[in-house]
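Working notes, structure below.
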């Protein structure tokens, strides 16, 4: 018996699922009695107090639901939301920021739960020394070696990073959920200007941008756990790059090339903004050690970096503002 698969049909069904995976019709038209407020109603939820239909006396099923709700295994399932973030990332984020709150597990709560799971995975896999690991198991060895390389090859030997910066990087290194959220937050402002006039979700706002990065942080944490478990760094990196591109393409609706260059420019601006903070901290640190000349070099980098950011954002803003867009069909 030969089984044939129509790949085109399967793909079309998958695309339809990506665009609209939810069935919001009432499961029943029977009349229900609300034990909470005493009204009769038709539908899945009481229109007077919002309690779900079918709830009554406590049973073992109630016990299971109570535990399941903590980990997102019941209403607005956490596993299903995570599945969406890998198969339709831009669409599920678009649904959420446009008011479809019931399509997703609460993003902040999801970030916390996935972060807790990440700590457990780190412990079980032995990756308990932070994201930057070395054979000596020194959490800050990677950061220290980077600064040491810069010291020797660029400006000659001078004091290591400030104590404050070392403590901050050390804490972030041990808490990848906080590190990834902070790092990805630097994309909020670039995205605001670069994707301001996108074909899909135009007039992108800063609060929307915050939630975009919360969802993205969840994906990053899962990829970090995948790396801890498999050790396949390049595969995880490539998967992450594909997910970033897919997210922005689905979320904003630009073409392949239009999405690619805008994403690259957004990350360039975000990295440059991060470098401004590092240069400021390091400049003051060197001044306290009497290395004024070298500190001046770091301070000079700050206005240059800010100018680069302003130029990139201005050019991208005006290109997006006046560029013609094809009408989206989906």
| request: Being at pLDDT 90 or above and either part of a helix (DSSP H, G or I) or in contact with a helix residue (DSSP H, G or I) (Cβ under 6 Å, 6 or more places away or on another chain) (or both) narrows it down to one of 86, 132, so name that one. | output: 86
| Can you name the residue in segment 200-218 that is under 19 Å from residue 100 (Cβ atoms) and touching a residue at least 60 places away in the same chain (Cβ under 8 Å) and is also surrounded by the fewest Cβ atoms within 10 Å (Cβ to Cβ) among such residues? | 211
| Of all residues in segment 113-126, which are part of a helix (DSSP H, G or I) and either modelled with pLDDT under 80 or touching a helix residue (DSSP H, G or I) at 6+ places or on another chain (Cβ under 8 Å) (or both)? | 113, 114, 115, 117, 118, 119, 121, 122, 123, 124, 125
| request: Restrict the check to segment 38-45 and report whether at least one residue is closer than 30 Å to residue 199 by Cβ, outside any loop (DSSP other than H, G, I, E, B) and at pLDDT 75 or above. | output: no
| message | Among the residues that make up segment 177-186, is at least one of them at pLDDT 85 or above and more than 28 Å from residue 125 (Cβ to Cβ)? | response | yes
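The values are calculated or read from the model by the stated rules, or taken from the named source; none is laboratory data. Here the structure is a predicted model, which is why all the values come from computation and not from measurement. Cβ: placed from backbone, ideal geometry, glycine included. Neighbour counts: every protein chain shown.
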